[in-house]
Amino acid sequence: YIARKDINTTLWDQCIKRSANGLIYATYEYLDTVCVDWDGLVMNDYDMVMPLVWRRKLGIHYLYYPPFCASLGVFGNHLTPFVIGEFLSAIPRKFRYWDFPLNFGNLIDLEKFPCTIRSNYILDLGAGYAAISENYRENLRRNIRKSAALKFGVSIDFPVQEVVALARLYTPKALFAPEIYTRFEEIHHILASRGKAKTYGIRNEKGALLASAAFLFDEKRAYYMLVGNH
């Protein structure tokens, strides 16, 4: 167990990058920006790692599900249910309550560690748009044709604040506190400066934003992070 201040961030990110299940959510910069406090479990010389995002309330430390961190858990190669169990068993006892996301590479003993199984949908983009669009439902094809007839246009790389504004306008206000969106805007700006974040939207003839989405990118994936629709 290593406190954040003592983590070797270079070795940490090298582990995430070489892991078959590596995800952008687990990089140190992402965690530093999106989360307030986090520490880590490290096996050997950063062969495998597990971020522990925590809070403290009424003197009780607990692990929670941080917004914009869809999958965390253990990262590394050659993961087994036994290894995952060893990591979970090594979580310090001071964390009295757990409610956090694992990732697609974390198969575990469900009897020892009860979990809720969730679905995450991944679309292979290698085939290209023409091949992918052949599988669109007819109602989606119809909507695309209608949009073209209405002269709606695609907008790219506009300020992420516009996506956030639409998301907050049409999402229950209690879903996220304002500072949570501010943290997301910050990481989006950081990654956009390196060509690893984009916004996409549809505007009407007057330039009003009708539908929008914010994406992040790494070497493996495009991450569909936030949607803002009118």
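The values are calculated or read from the model by the stated rules, or taken from the named source; none is laboratory data. Here the structure is a predicted model, which means the values were calculated and not measured. Every residue, glycine among them, receives a Cβ derived from its backbone with ideal geometry; neighbour counts consider all protein chains shown. Just the protein is used for accessible areas: all its heavy atoms, side chains included, with ligands, DNA and RNA removed. Shrake-Rupley method; radii C 1.70, N 1.55, O 1.52, S 1.80 Å.
Cβ contacts < 6 Å: first residue over 9 Å from residue 106 (Cα atoms), restricted to segment 62-75; second residue of a type in the set (Val, Ile, Thr) and crowded, with 19+ Cβ neighbours inside 10 Å, any location; separation 6+ or different chain. Result?
Close Cβ pairs satisfying both conditions: 66/53; 68/34.
Being within 30 Å of residue 97 (Cα to Cα), of a type in the set (A, V, I, L, M, F, W, C) and within 14 Å of the chain's Cα centre (by Cα) is true for just one of 226, 216, 175. Which residue is that? Even if it seems obvious, please write down each step before you answer.
Values: 216 fails: within 30 Å of residue 97 (Cα to Cα); 175 fails: within 14 Å of the chain's Cα centre (by Cα).
226 is the lone residue from the list that is within 30 Å of residue 97 (Cα to Cα), of a type in the set (A, V, I, L, M, F, W, C) and within 14 Å of the chain's Cα centre (by Cα).
Kindly state which helices (runs of 4 or more DSSP H) lie completely within segment 1-101 and contain at least 2 residues that are of a type outside the set (Phe, Trp, Tyr) and either closer than 23 Å to residue 186 by Cα or touching a Lys or Arg at 6+ places or on another chain (Cβ under 6 Å) (or both). First the steps, then the outcome.
Values: elements: 9-18, 28-34, 81-89.
Ranges flagged: 9-18, 28-34.
Taking the residues in segment 159-185 that are polar (S, T, N, Q) and in a helix (DSSP H, G or I) as candidates, determine which candidate is surrounded by the most Cβ atoms within 10 Å (Cβ to Cβ).
First, pick out the residues of segment 159-185 that are polar (S, T, N, Q): 161, 171, 182.
Now narrow it down to the ones that are in a helix (DSSP H, G or I): 161, 182.
On the way: 161: 14, 182: 12.
This residue is 161.
I'd like the residue in segment 196-230 that is free of Cβ contacts under 8 Å to residues at least 24 places away in the same chain and closer than 19 Å to residue 23 by Cβ and, out of all such residues, is least open to solvent (accessible area, probe 1.4 Å).
Going through the qualifying residues, I end up with 215.
Would you be able to say whether some residue in segment 88-96 is of a type in the set (Lys, Arg) and either closer than 24 Å to residue 216 by Cβ or touching a strand residue (DSSP E or B) at 6+ places or on another chain (Cβ under 9 Å) (or both)?
Step one: of segment 88-96, the residues of a type in the set (Lys, Arg) are 93-94, 96.
Among the residues that remain, those that are also either closer than 24 Å to residue 216 by Cβ or touching a strand residue (DSSP E or B) at 6+ places or on another chain (Cβ under 9 Å) (or both) are: 94, 96.
Among the residues of segment 88-96, at least one is of a type in the set (Lys, Arg) and either closer than 24 Å to residue 216 by Cβ or touching a strand residue (DSSP E or B) at 6+ places or on another chain (Cβ under 9 Å) (or both), which makes the answer yes.
One line per residue, one yes/no per condition, for (1) open to solvent by 70 Å² or more (accessible area, probe 1.4 Å); (2) at pLDDT below 90; (3) touching a Phe, Trp or Tyr at 6+ places or on another chain (Cβ under 8 Å):
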{"residue": "106", "(1), (2), (3)": "no, no, no"}
{"residue": "112", "(1), (2), (3)": "yes, yes, no"}
{"residue": "118", "(1), (2), (3)": "yes, yes, no"}
{"residue": "123", "(1), (2), (3)": "yes, no, no"}
{"residue": "142", "(1), (2), (3)": "yes, no, no"}
{"residue": "151", "(1), (2), (3)": "yes, yes, no"}
{"residue": "154", "(1), (2), (3)": "yes, no, yes"}
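Give the residue that is most open to solvent (accessible area, probe 1.4 Å), with candidates limited to residues of segment 31-49 that are touching a Phe, Trp or Tyr at 6+ places or on another chain (Cβ under 6 Å) and more than 16 Å from residue 17 (Cβ to Cβ).
37
Output yes when any residue across segment 76-91 is surrounded by 15 or more Cβ atoms within 10 Å (Cβ to Cβ), at pLDDT 95 or above and within 18 Å of the chain's Cα centre (by Cα), and no when none is.
yes
I need every pair where a residue in segment 167-190 that is closer than 19 Å to residue 27 by Cβ has its Cβ under 7 Å from the Cβ of a residue that is polar (S, T, N, Q), sequence separation at least 6 or different chains.
183/33; 185/161; 186/33; 187/33; 190/33
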